[in-house]
């Protein structure tokens, strides 16, 4: 679909603005896994994390129900696969100090070597995993 | 405290809008980027590129600094990861162990 890359760029710029705002004004990194991780420790001084998460849901809903030209397609994955995937993401982002947004957007944006290593690692691992599952085992929707 | 929450809410809305607009809420689009041997979808690269281009060392941050935004509304301290923040808060006692 043409125009995809442009929307991607525009969306990326919004994400960059969000991360810049949060770092400049609050001194915090807009890493979603980290924000969630801190949020579920339920500390009063860290209640801003819930505001961010609620805001993110509102922003997503605003796009989906107001701005989107067509509804976002929903593909269904097996619940057990989602649970294993979610567990691995939680485990790995905690161990690696960040996720796609934390390392990929915030870390690369401030030229962090640790984040560069993390991004290379999870992109390569992701590519290998998708290759093995889609083209090795021929599972999932290989389009 | 109020300011911190308001900023976080606005940042969250921007982030959610960005995820929606860039279609990174669609799992197939993310998987499409990782599927280099299939119908490769480069969109995620543009998302990361767009995001990184305005980030900390980018033109937007410089501009904010230039107009004094950082001084007026700026963070009094900066944490570069959740682990770092939580460790610090535990040490200074504002968070129970």
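Bear in mind that the values in this text are calculations on the coordinates, not laboratory data. Please read all numbers here as calculations on a predicted model, not as lab measurements. Cβ atoms come from the backbone with ideal geometry, glycine included; neighbour counts cover every protein chain shown.
Convex hull volume of the Cα atoms of the protein assembly as shown, normalised per residue: 131 Å³. Rounded to the nearest 500 deg cm²/dmol, what is the calculated helix-only ellipticity per residue at 222 nm for the protein assembly as shown, with -39500 (n - 2.57) per DSSP H run of length n ≥ 4? One gets -18500 deg cm²/dmol as the mean residue ellipticity at 222 nm.
Shielding of A:85-98 by partners, i.e. mean partner chain Cβ atoms within 10 Å per residue?
1
When A:29, A:127 are arranged by Cβ crowding within 10 Å, least crowded first, meaning fewest neighbours, the order is A:127, A:29.
Given points 7 Å out from each Cα along the Cα-Cβ axis, report the residue B:2 to residue A:83 separation in nanometres with one decimal. My value for the distance between the label points is 4.5 nm. Take each residue of peptide A:36-49, count the partner chain Cβ atoms within 10 Å of its Cβ, and average: the result is 4.
If you take the beta carbon distance between residue A:70 and residue A:131 as r and set R0 to 30 Å, what does 1/(1 + (r/R0)^6) give as a FRET efficiency, to the nearest 0.05? Walk me through the numbers before you get to the answer.
Numbers: r = 30 Å, r/R0 = 0.98.
Calculated value: 0.50.
Ordering A:31-42, A:81-92, A:54-65, B:10-21 by mean Cβ neighbour count within 10 Å, with the highest value first, yields B:10-21, A:31-42, A:54-65, A:81-92. Remark: mean inter-chain Cβ contacts per residue of A:133-140 equal 2, using a 10 Å Cβ-Cβ cutoff to other protein chain atoms.
If you rank A:50, B:40 by fewest surrounding Cβ atoms within 10 Å, what's the result?
On the way: A:50 19, B:40 10.
The order, fewest Cβ neighbours first, is B:40, A:50.
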